[in-house]
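Input: a single structure, listed below in structure tokens.
Computed from the coordinates by the stated procedures, all read-outs in this text should not be read as laboratory data. Model, not experiment: these values are computed from the prediction. All Cβ positions, even for glycine, are placed from backbone atoms using ideal geometry, and neighbour counts span all protein chains on display.
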Amino acid sequence: MITFSLLVIFGIIGGVLALVDGIWRLRARGGSTIVGVIEIIVAALFILSFFVPVPWGSVVLGVATLIALVVALFAGGRTGRGLTIAAIVVIAIWLVLVNHWVIIPGIN
């Protein structure tokens, strides 16, 4: 049986949002495909880091995903910005909570 904490659920939601944003960025005409490919790879590794040990920790991949999302936000393209902003917010909240910068009883 697998036990999920709220931190893991926040991380998985942020990773899935980043993965979907990367896929939409690849499928869009006139979009930035290099940023989309990098975003998909980093988001997939970020999601995978919750289930299997990877050479880099979840925090490092979370920061890399956040950087890829910010670059994707400013790279432009024809994709919407709502999903990118939502992924940035969720991953930023996850990073703040996982590093114990803000302590909320019951979550971390």
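Name the single residue that is nearest to the chain's Cα centre (by Cα) among those in the stretch 1-23 being of a type outside the set (Ser, Thr, Tyr) and part of a loop (DSSP other than H, G, I, E, B). Looking at residues that are of a type outside the set (Ser, Thr, Tyr) and part of a loop (DSSP other than H, G, I, E, B), I get 4. If residue 26 satisfies all but one of (1) assigned to a helix (DSSP H, G or I); (2) touching a residue at least 24 places away in the same chain (Cβ under 8 Å), what's the number of the condition it fails? Result: residue 26 passes all but (2). Taken over the stretch 3-53, the residue count meeting the criterion of being more than 13 Å from residue 65 (Cα to Cα) and of a type outside the set (Ser, Thr, Tyr) is 20.
One line per residue, one yes/no per condition, for (1) of a type in the set (A, V, I, L, M, F, W, C); (2) surrounded by 20 or more Cβ atoms within 10 Å (Cβ to Cβ):
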position	(1), (2)
37	yes, no
41	yes, no
44	yes, no
50	yes, no
58	no, yes
63	yes, no
66	yes, yes
73	yes, no
80	no, no
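Annotation: of all residues in the stretch 1-23 being free of Cβ contacts under 8 Å to residues at least 40 places away in the same chain and hydrophobic (A, V, I, L, M, F, W, C), the one that is surrounded by the most Cβ atoms within 10 Å (Cβ to Cβ) is 19. A count restricted to the stretch 61-108 and to residues that are without any contact (Cβ under 8 Å) to a residue 60 or more places away in the chain and within 11 Å of the chain's Cα centre (by Cα) stands at 15. Is one or more of the residues making up the stretch 94-108 more than 18 Å from residue 10 (Cα to Cα) and loosely packed, with under 15 Cβ neighbours inside 10 Å? Within the stretch 94-108, not a single residue is more than 18 Å from residue 10 (Cα to Cα) and loosely packed, with under 15 Cβ neighbours inside 10 Å.
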